[in-house]
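Worksheet for the structure shown next.
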Amino acid sequence: MKATKIEITVYEAGKSTELTPADSTLLHEAINATKNAYAPYSKFNVGAAVLLDNGEIIYGSNQENAAYPSGLCAERVALFYASSRYPNVAIKAIAINSTVNGKENHDPVYPCGDCRQVLLECENRFGRPIKVIMGSASKIHVVHSIKDLLPLSFVLKRE
Ligand code: THU
């Protein structure tokens with residue numbers, strides 16, 4: 001059998017000042033959004049900030065529920081709101097941040113599988129790569145397309 005290696009590129013920054021000014025701003029907006037999380041069950045607060053092609057920034061935070069599956073991740077709260085508010089505007093980037101038990105997380109927060117699938121669809125829908133900025137108190141990881149986080153992804157073909 002033939003083996004094919006798939007390479008992804010992940011950029012790492014020690015602190016937000018090493019990011020571009022636009023990415024640094026977006027990450028700070030995600031850090032602010034983290035404060036609006038409703039996560040009494042996991043105590044894992046997540047904030048997301050989505051930069052649209054029209055320059056607007058849309059925020060999201062995770063929203064939990066006593067019936068656990070009824071909650072939603074910060075990324076999808078922001079992405080679905082962005083799409084419902086501006087259905088025809090492409091997404092340029094998303095920044096994500098988290099705290100654990102009210103303290104800074106020292107590991108970047110990586111989007112869950114469901115959020116990756118939604119990001120992929122946003123990317124494919126507009127044919128524009130979405131930069132993903134994954135923050136933490138110690139290091140920041142950046143990928144230039146969601147395809148780096150979801151290679152060999154599912155795409156619905158109708159014919
Ligand atoms: N969560 C997010 O909001 N985004 C992620 O990328 C991973 C997980 C939320 C879901 C749940 O409210 C809490 O974090 C713990 O899983």
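Could you check S16 against (1) modelled with pLDDT of 95 or more; (2) touching a Leu at 6+ places or on another chain (Cβ under 7 Å) and say which number it fails?
So the condition that S16 fails would be (1).
Report those strands (runs of 3 or more DSSP E) wholly inside segment 1-86 carrying at least 3 residues which are closer than 17 Å to V142 by Cβ.
Here the list reads 11-13, 44-52.
Quick check, is K43 more than 23 Å from P151 (Cα to Cα), over 11 Å from the mean Cα position of the chain (by Cα), among the charged types (D, E, K, R) and within 12 Å of the ligand (Cβ to nearest atom)?
When the stated conditions are applied, K43 passes them.
The rows are residues; the columns are (1) of a type in the set (S, T, N, Q); (2) within 18 Å of M134 (Cβ to Cβ); (3) more than 16 Å from the ligand (Cβ to nearest atom).
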site	(1), (2), (3)
Y11	no, yes, yes
I58	no, yes, no
L72	no, no, no
E75	no, yes, no
V89	no, no, yes
I94	no, yes, no
N97	yes, yes, no
E104	no, yes, no
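Can you name the residue in segment 107-128 that is within 15 Å of V143 (Cα to Cα) and touching a Leu at 6+ places or on another chain (Cβ under 6 Å) and, of all such residues, is nearest to the ligand (Cβ to nearest atom)?
Checked segment 107-128; the qualifying residue nearest to the ligand (Cβ to nearest atom) is R116.
Could you check how many residues of segment 34-70 are without any contact (Cβ under 8 Å) to a residue 12 or more places away in the chain and within 17 Å of G113 (Cβ to Cβ)?
Within segment 34-70, residues that are without any contact (Cβ under 8 Å) to a residue 12 or more places away in the chain and within 17 Å of G113 (Cβ to Cβ) number 1.
The values are calculated or read from the model by the stated rules, or taken from the named source; none is laboratory data. All of these numbers come straight from a predicted model, not from anything done at the bench. So basically every Cβ, Gly included, is an ideal-geometry build from the backbone, and we count neighbours across all protein chains shown.
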